[in-house]
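The values are calculated or read from the model by the stated rules, or taken from the named source; none is laboratory data. None of the values given here were measured: they were computed from a predicted structure. A quick note on method: Cβ atoms are made from the backbone with ideal geometry, for glycine too, and the neighbour counts reach across all protein chains shown. Ligands, DNA and RNA are excluded from the accessible area calculation, which covers all protein heavy atoms including side chains. Shrake-Rupley method; radii C 1.70, N 1.55, O 1.52, S 1.80 Å.
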Amino acid sequence: MPAPAPTSRRRPRWLRLLAGAAIGVAVAAVVASSWGALLANHPAYPAVVLGIGILAVALLVSGLRRRPPPRGGAPRTTLRVLAALGGVGLAATVLWLRPFPAEQVALDALASDDDVTITDTRTRTIFEPVGVPAAGFVLYPGARVDPRAYAVLAHDIARAGVRVIALKCPFDLALLCEGAADSYVSPDLAWTVGGHSLGGVAAAGYVAGTPDSSAGDASAEVTLGLVLWASYPNDDLSGRSDVTATSIYGSNDGLTTPADVDGRRDLLPPDTTYVRVDGAIHAFFGDYGPQPGDGEPGTSRDDAQAQIVAATLAALGASSTAG
């Protein structure tokens, strides 16, 4: 049996410590800045955060345990360096996925009142108006935006007699739950799907995947409307005469600019309604604070959101009683 290596040759494994420390810092930053969102929204992201947190602890413990120097050689060294870089890359990805947290005004709007009953779960929030709803609206959130950030607008829309389903998607990326509207859309109610930013792309993708009633598709049980908030489609809907589409956008939006909206007009039905909200920026379509790359507002958030709600209700065929 070979004798153990001398203690003097034993040393920490620095690459494991580097990877473990990077992941640990990322997990700590996510928990510190997004604790409420981790507890309230889709479980996929917090599950990953927990998993890599465990990985960080394992790497740190393993790296601090003094062992004989690892075997040398260029291939082994390269693999160890790549593994450490992979850990750093994983940490960066987890940090990037941190949601823009909902502001307090949005959290306050999650409370039921005399006009709207709210049911909140990890995969959706339902804003149910008192009485029989006149229409239904499925709302896909923007990328990396805490879905609760849309509660003020959703509450006001529901107050006008619309059942609103605000979806909560894995990692707050609406493209990962594009088909989620299937669970709510039904023939017994006039339904519209919509979304903010990347959520609008997902909503348009959902509509594109539904049967075309104007083409005589017998399987088309539901005729959908589409509402885009600071968004545009990737799918071609220009031939869908059965889809009533509305595009609502801000004149000062630095992320989905008016030029971006105009440049994708050919992908929407020719009779699409376009509503320009003067002075509005990208982040005014929710309540989640400033967003990097956005424009400078030329109006107040309250004024912009009142116009967004009114334009959305017009698209849904409902009358605004918000306020």
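The table for this structure:
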quantity: Of residues in the range 164-200 being open to solvent by less than 50 Å² (accessible area, probe 1.4 Å) and among the hydroxyl-bearing types (Ser, Thr, Tyr), the one nearest to Ser247 (Cα to Cα); calculated: Ser197
quantity: Conditions (1) part of a loop (DSSP other than H, G, I, E, B); (2) closer than 27 Å to Leu50 by Cβ: number failed by Thr93; calculated: (1)
quantity: Residue list for the range 49-59, restricted to those being surrounded by fewer than 18 Cβ atoms within 10 Å (Cβ to Cβ) and touching a residue at least 24 places away in the same chain (Cβ under 8 Å); calculated: Leu55, Val57, Ala58
quantity: Given (1) modelled with pLDDT of 95 or more; (2) polar (S, T, N, Q); (3) not in a loop (DSSP other than H, G, I, E, B), number of the condition Thr78 does not satisfy; calculated: (1)
quantity: Residue match in the range 243-258 (condition: closer than 22 Å to Asp182 by Cβ and part of a loop (DSSP other than H, G, I, E, B)); calculated: yes
quantity: Boolean, Ser251 is at negative phi, surrounded by 24 or more Cβ atoms within 10 Å (Cβ to Cβ), modelled with pLDDT of 95 or more and among the small types (Gly, Ala, Ser); calculated: no
quantity: Leading residue by the ranking (nearest to Tyr249 (Cα to Cα)) among those in the range 151-163 that are open to solvent by less than 30 Å² (accessible area, probe 1.4 Å) and out of contact with any helix residue (DSSP H, G or I) (no Cβ under 7 Å at 6 or more places or on another chain); calculated: Ala154
quantity: Search result, residues across the range 1-44 that are of a type outside the set (A, V, I, L, M), assigned to a helix (DSSP H, G or I) and either surrounded by 17 or more Cβ atoms within 10 Å (Cβ to Cβ) or at pLDDT 75 or above (or both); calculated: Trp14, Arg16, Gly20, Gly24, Ser33, Ser34, Trp35, Gly36
quantity: Which numbered condition Phe285 misses (of (1) open to solvent by 50 Å² or more (accessible area, probe 1.4 Å); (2) of a type in the set (Phe, Trp, Tyr); (3) within 23 Å of the chain's Cα centre (by Cα)); calculated: (1)
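Conditions (1) touching a residue at least 60 places away in the same chain (Cβ under 8 Å); (2) touching a Ser or Thr at 6+ places or on another chain (Cβ under 9 Å), marked per residue:
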{"residue": "Asp242", "(1), (2)": "no, yes"}
{"residue": "Asn252", "(1), (2)": "no, yes"}
{"residue": "Asp294", "(1), (2)": "no, no"}
{"residue": "Ile308", "(1), (2)": "yes, no"}
{"residue": "Thr312", "(1), (2)": "yes, yes"}
